[in-house]
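Reviewing the structure listed below.
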Amino acid sequence: MGSLRKVYHAVGGRVAGRLGLKRTPFLPTSIDVEPIDTCNFACDHCQVTHWTRKTTRLTTERFVSILRQLPMLRQIKLQGMGEPLLNSHLIEILEEGEMGGMPSSLRRTATSSPAVK
């Protein structure tokens, strides 16, 4: 942990210096991550229903990359504009967070579980 703090302070010091800040900025300890941007509903009031773009899924590799970039993380909330259970990588993503020793929470559409695609 000591070497990690040295890196944290070195990077924070550089960022603070470039931005002219008097304090070193802190890396986040909690983040919200969107596992997928599609839903199993077509609610008229929801913007996801009206999107015409291709569905984007968070991959396990991308999630691990996020974890590595944010060494001070202590909690991850998996939520967003879609139904997280539609992401076929969700179990692997949760396992990666657990192996990193950080609690993860999941926010859903509060319906019965959809089939994972």
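What follows is calculated from the coordinates using simple rules that are stated; it is not laboratory data. Note that this is a predicted model, so its numbers are computed, not measured. Note: ideal-geometry Cβ built from the backbone for every residue, glycine included; neighbour counts use all protein chains shown.
Quick notes
- Computed extension gain for ASP32 through ARG18, at 0.36 nm per residue and net of the alpha carbon distance, reaches 2.3 nm.
- Cβ crowding within 10 Å, taken as a proxy for footprinting-reagent exposure, orders ASP44, ASP37 from fewest neighbours to most as ASP44, ASP37.
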